[in-house]
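Undergrad: Below is one structure. I have some questions about it.
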Amino acid sequence: MTTTTGPIAAATGAEARWSPLAVLADAAARGVADGQTVAVVRGFDRESRRRARTVRDHLAGAGVRAVEATPAPDSWPLGESSAVGAVVNVAGSGSWDAHRIAAQLAAPLYALDETGADGAEPGITERRMDLIDVRGERGDHDIALSHVTLLPEDLTEAELAVVVDGTRHVVRGAQLRTGLHEHLLRARVVGEGAEHVAAELTVEPVAGVFRLVRDGLPVDELTAPVTLVARPEALTVHLVRA
């Protein structure tokens, strides 16, 4: 992860009385091109809805179109991804849904810096995160923020093939966990100590049933080859201190 920090222009007049959410909205508005949309990611609770409405109102005042998205995938504006220039997280720092949506939309993410550093000057810290592309054989596509695990239902029957740089490795009776390390994939056979480091690898089910678990959340049964690809610094996150 790469981090850089910069100041926010000093506010004057009415701007000085803006809430942190208004400062966040202003930062996102400055980051989009003319005609682009901002996706505001919220939760389902009343406070999150209020925060989203506040951000949308300020964006509207700046002449920027905004849409809302929630953790429900059918709410994500994927069909208009080329028009989304930024994603704003108002669901709270404990939610990673906004990161996933921003990654899917290939748009920068803006969020309030909630680290609570005393005496910190207003400004924006930019971080760049590595991602893992999860590509299915039929063209389906997903993104992992930190790791992908292939979890066997029965260790006695489990057999998995891992193809790295054209070489096929067989994993029997164990789970395979693939994370990120120095912009590359690191695939570890849990319990055996074996590991493979590469920019890309393919996993194929051979025997038994495996569950594909993305960032700790079960996604689906692995029934066909899946290719994992490291995407160095693919997601830009702007943390705004108001």
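Taken together, the values in this text are just the output of simple stated rules run on the coordinates, not laboratory data. A quick note: this is a predicted structure, and the numbers were derived from the prediction, not measured. Heads up, the Cβs are rebuilt from the backbone with ideal geometry, glycines too, and the neighbour counts pull from every protein chain shown.
Undergrad: Counting only helical runs of four or more DSSP H residues, what would the 222 nm mean residue ellipticity of the chain come to if each run contributes -39,500 (n - 2.57) and the total is spread over all its residues? Don't jump to the answer; show the numbers that get you there.
TA: Values: 3 runs with 37 residues, N = 242.
The per-residue figure over the chain is -5000 deg cm²/dmol.
Undergrad: By how many degrees, between 0 and 90 and to the nearest 10, does the Cα long axis of helix 20-31 differ from the longest principal axis of the chain?
TA: Once rounded, one gets 70 degrees.
Undergrad: What are the trypsin sites (Lys or Arg not before Pro) within segment 86-189 that DSSP puts in a loop, where the Cβ has at most 14 other Cβ atoms within 10 Å?
TA: Taking segment 86-189 and a limit of 14 other Cβ atoms within 10 Å, the loop trypsin sites (Lys or Arg not before Pro) found are Arg138.
Undergrad: Please arrange Trp76, Trp96 by counting, for each residue, the other beta carbons lying within 10 Å of its beta carbon, fewest first. Intermediate results must be reported in sequence, preceding the final value.
TA: Numbers: Trp76 22, Trp96 17.
Starting with the residue having the fewest Cβ neighbours, the order is Trp96, Trp76.
Undergrad: What is the diffusion coefficient of the chain in µm²/s, taking the Kirkwood radius over Cα pairs and the Stokes-Einstein relation at 4 °C with a viscosity of 1.567 mPa s? Could you put the intermediate results ahead of the total?
TA: On the way: Rh = 19.5 Å.
Once the numbers are plugged in, D ends up at 66 µm²/s.
Undergrad: I'd like to know which of Ala91, Leu176, Leu160 lies farthest towards the positive end of the charge dipole of the chain, counting +1 on Cβ of Lys and Arg and -1 on Cβ of Asp and Glu.
TA: The residue sitting most towards the positive pole is Ala91.
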